[in-house]
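First the structure, in the form of structure tokens, and then the observations on it.
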Amino acid sequence: MFLPLTPGLGRLRGCCQTPEVQTAESKAKAEYLEKVLGSKGHQTYDRIAGYMSPLVAQVPPGAWYLSIIGISPRARGQGLGASLLEGTLAEASARSVPCFLETFTPRNLRFYERHGFARVAEHLEPTTGKPYVVMLRNS
Ligand SMILES: CC(C)(COP(=O)(O)OP(=O)(O)OC[C@H]1O[C@@H](n2cnc3c(N)ncnc32)[C@H](O)[C@@H]1OP(=O)(O)O)[C@@H](O)C(=O)NCCC(=O)NCCS
């Protein structure tokens, strides 16, 4: 699962953001989630994120957290997801910044592995009762 900052691919823990930018992004994220998930969905999301956030201790400090990515179901499997991801990964490599993410979807593992991510941990998320994998890519 990716935690969205904005629709599209983003970074939750930006290394270069000022506190003002972080506050503005947190507010925008909360408003976006309320709008797309509704109040109950947003609360569930916060419960899930609250469980997952502390469990990334194996991730190096300063790593970028790759947020949500999604391709319209009809357009999947045509390389669009790879194109979206590659831009961010190229930027991370240029800055020598490691990246991490989480996924609940077994099929996504090989997608991320092809882009240099490796599995570093697996946890059971209690709200959904589903396992998810933490993946890390060292630049
Ligand atoms: C994961 C996702 C972003 C990949 O984008 P994409 O444009 O389909 O991916 P690409 O065409 O570049 O690469 C295809 C690979 O994506 C992965 N993939 C995951 N779900 C897929 C699906 N429903 N259809 C096609 N590929 C899928 C597979 O690893 C696939 O490789 P494979 O054919 O060898 O199995 C996209 O499938 C998606 O939006 N899935 C649903 C939302 C989601 O799981 N987001 C990520 C949360 S961690």
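General remarks:
- Ranked packing of 66-72, 114-120, 35-41, most packed first, by mean Cβ within 10 Å: 66-72, 114-120, 35-41
- Its relative contact order, with pairs defined as Cα atoms under 8 Å and 6+ residues apart, puts the chain at 28 percent.
- Between the listed residues Q17, A92, P61, the Cα displaced farthest toward the positive end of the dipole of the chain, a dipole computed from Cβ unit charges relative to the Cα centre, is found at A92.
- Every helix of 4 or more DSSP H residues in the chain counts as -39500 (n - 2.57), and over all residues that averages to -14500 deg cm²/dmol at 222 nm.
- Annotation: amide H-H contacts under 5 Å for E125 (H modelled 1.01 Å from N, sequence separation of 5 or more, or interchain): K130, Y132.
- Value of D in µm² per second that Stokes-Einstein yields for region 19-137, Kirkwood Rh from Cα pairs, at 10 °C (1.306 mPa s): 100
- In order along region 79-84, the phi-based Karplus estimate (6.51 cos²θ - 1.76 cosθ + 1.60, θ = phi - 60°) of 3J(HN,Hα) comes to x, 5, x, 4, 4, 4 Hz; Gly and Pro are listed as x.
- Under the Karplus curve 6.51 cos²θ - 1.76 cosθ + 1.60, θ = phi - 60°, whole-Hz ³J(HN,Hα) for region 29-37, x wherever Gly or Pro sits: 5, 4, 5, 5, 5, 4, 5, 8, 9
- Remark on S67: its backbone amide H falls under 5 Å from those of G10, R11, L12, a criterion applied only to residues 5 or more positions apart or on other chains, H modelled at 1.01 Å from N.
- Partner lysines whose Cα lies under 26 Å from the Cα of K130, excluding those fewer than 8 positions away in the same chain, are identified as K29, K35, K40.
- Residues in region 64-74 carry Karplus couplings, in order, of 7, 9, 7, 7, 5, 9, x, 10, 3, x, 5 Hz; the curve used is 6.51 cos²θ - 1.76 cosθ + 1.60 with θ = phi - 60°, and Gly or Pro positions show x.
- Highest to lowest packing among 73-83, 97-107, scored as the average C-beta count within 10 Å: 97-107, 73-83
The numbers here are math on the coordinates, done by the rules we state, and not lab data. Bear in mind the structure is a predicted one, so any value in this text is a computation, not a measurement. Virtual Cβ from ideal backbone geometry, glycine too; neighbours counted across all protein chains shown.
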